[in-house]
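Each reported figure results from applying straightforward, stated rules to the coordinates on display, with no laboratory input. Computed from a predicted model, the values in this text were never measured in an experiment. We place every Cβ from the backbone using ideal geometry, glycine too, and count neighbours over all the protein chains shown.
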Amino acid sequence: MDLSKIMTISGKPGLYKMIAETRNGFVVESLLDGRKMPVFPTDRSSILEDISVFTMEKDVPLKNILWKIYELTEGKPALDAKQATPDEIRQAFEEVLPDYDKDRVYISDMKKIFTWYGILLEKDMISKPEDPDAGEEESADSGTDAEDKKETSPENEKTKSDKPGTSTGKKSSK
C-alpha cells in the first residue's frame, strides 16, 4: 500500500492525492469529489505514510493499522465513524490495536482512521504492506526511526502533524 502520495489537510474533509508539485507547494485532487486545489507550505497537512499511532511499547504505522482493519472486516467497510457512538468506536479500535495508548490516542483520532479506511477502501487503495512488522521494529529503535533511514523529500519536510494520537516519526532539529 503506497500512502506516500495521499495526504490529509487540516480543516478540509477527506483525503487528497498529490498530483503535481509546484514551486511553492502541491496540487492535490480530492479522493471524495475529484476537485483539484493548491496546497501551500502554510497549510497544515500530513502525508499518510508518515503517520503512526502510539501504543504502549512502540508506534505502529498507519498502513499496518489500515491493513489490520481490512483483514478484520474481510475487505468490507468498517463501522461508520460518523454514526457510531464513542464506545462503539473505542471497542472497534481495540479489536484492531489492543495495546494503543489510551492516554494519547483520542476518539477523534480513531474516527479519522476509520473514515480514512472507508475512503481508501472505496478507491481500492488498500493492499498488504510489504512487511507489516518492519515499520514497527524500526520505530521501536531508540536512536533511529524509520523516517531517519529514508531519504527526506520536500513533501515530507513541508508536512506537520496536528493529531495528538498520531506521530510523524520525525525528530525536531533543535
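How much length, in nm to one decimal, is gained on full extension between GLU57 and GLU130, taken as 0.36 nm per residue of separation minus their Cα-Cα distance?
Computed gain between GLU57 and GLU130 is 24.1 nm.
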The value for region 50-122 (convex hull of the alpha-carbon atoms, volume per residue, Å³) is 80 Å³
Label-point gap, in nm, between ILE119 and LYS36 - each point 7 angstrom along Cα→Cβ
1.9 nm
Please compute the length gained on full extension between GLN83 and THR22, using 0.36 nm multiplied by the number of residues separating them and subtracting their Cα-Cα distance.
18.1 nm
Quick one: order VAL105, VAL96 by neighbouring beta-carbon count within 10 Å, fewest to most.
VAL105, VAL96
Members of LYS58/LYS123; LYS12/LYS58; LYS68/LYS111 lying beyond 27 Å, as alpha-carbon distances in this model show:
LYS58/LYS123; LYS12/LYS58
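Using Cβ counts within 10 Å as a stand-in for footprinting exposure, how do ILE119, ILE6 rank, fewest first?
ILE119, ILE6
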Within 12 Å, Cβ to Cβ, of TYR100, how many net charges do the neighbouring residues add up to if Lys/Arg are +1 and Asp/Glu are -1?
-3
I need LEU15, LEU97 ordered by Cβ neighbour count within 10 Å, fewest first.
LEU97, LEU15
